[in-house]
Amino acid sequence: MTTVITYGTFDLFHVGHVNLLKRAQALGDRLIVAVSTDEFNESKGKVTLVPYEQRVAILEACRYVDLVIPESSWEQKRQDIAKHEIDTFVMGNDWQGKFDDLSDLCEVVYLDRTKDISSSAIKQAVLVFKQINDVFGE
């Protein structure tokens, strides 16, 4: 059995997330998704709109995902790879080269991101919409 793992925050779940998970799952027989905890995101200076428990529930409901685990530190990836007998580590290509050091443990694959969609872009669009509404709204 080929086991694949990917990591992410998965805030404001969108089609880009679905595409990543579908393509990652296609690389093996089993897909594990490590979701950044709220505390880990906070340590990175990142704020999520959707709480960790809800992001986990969304991913557990996704047909491409077999197991969801918490990501609580940058350093845990090597431990996760060993513990879960990972064959392939997958990330979006915005992380290109950042995890090549894991290639001594498993195959490292960077997948193209879905064009014109990201949680950050959605958050920015909502902020702009709110600002416009504050100026021109009732």
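Values quoted throughout were computed directly from the atomic coordinates according to the rules given, and no laboratory measurement underlies them. Just so you know, these numbers come straight off a predicted model, no measurement behind them. A quick note on method: Cβ atoms are made from the backbone with ideal geometry, for glycine too, and the neighbour counts reach across all protein chains shown.
Just a few scattered comments:
- 3J(HN,Hα) couplings calculated from phi for the stretch 45-50 with the Karplus curve 6.51 cos²θ - 1.76 cosθ + 1.60 (θ = phi - 60°) are, in sequence order, x, 10, 10, 9, 8, 9 Hz; Gly and Pro show x.
- Number of Lys pairs (Cα under 18 Å; 8 or more positions apart or on different chains) in the chain: 7
- Checking [x] 11, 40, 34, 9, 4, 1; [y] 11, 37, 26, 14, 8, 3, 0; [z] 12, 42, 33, 11, 1 against P(r) over Cα pairs in 10 Å bins from 0, in percent calculated from these atoms, the matching label is [x].
- For Leu111, the residues whose amide H sits under 5 Å from its own are Met91, Gly92, Asn93, ignoring neighbours fewer than 5 places away on the same chain, with H placed 1.01 Å from N.
- Only the Cβ atoms of Lys and Arg (+1) and of Asp and Glu (-1) were treated as charged; on that basis the dipole of the chain about its Cα centre amounts to roughly 320 debye.
- Beta bridge orientation in the chain: antiparallel %, DSSP, nearest 5: 0 percent
- Computed from phi, the 3J(HN,Hα) profile of the stretch 92-104 under the Karplus parametrisation 6.51, -1.76, 1.60 (θ = phi - 60°) reads x, 6, 5, 9, 2, x, 5, 10, 4, 5, 7, 5, 6 Hz, with x in place of Gly and Pro.
- Residue with peak Gaussian network fluctuation, the chain [Cα springs, cutoff 10 Å], from Thr114, Thr37, Thr48: Thr114
- Under 5 Å from the amide H of Ala34 lie the amide H atoms of Thr6, Tyr7, Gly8, Ile69, each residue being 5 or more positions distant or on a separate chain, with H modelled from the backbone and absent for Pro and chain starts.
- Residue order for Trp95, Trp74, fewest other beta carbons within 10 angstrom first, comes to Trp74, Trp95.
- Scanning the chain for trypsin sites (Lys or Arg not before Pro) lying in DSSP loops with no more than 12 further Cβ atoms inside 10 Å, the longest uninterrupted stretch between such sites is 1-43.
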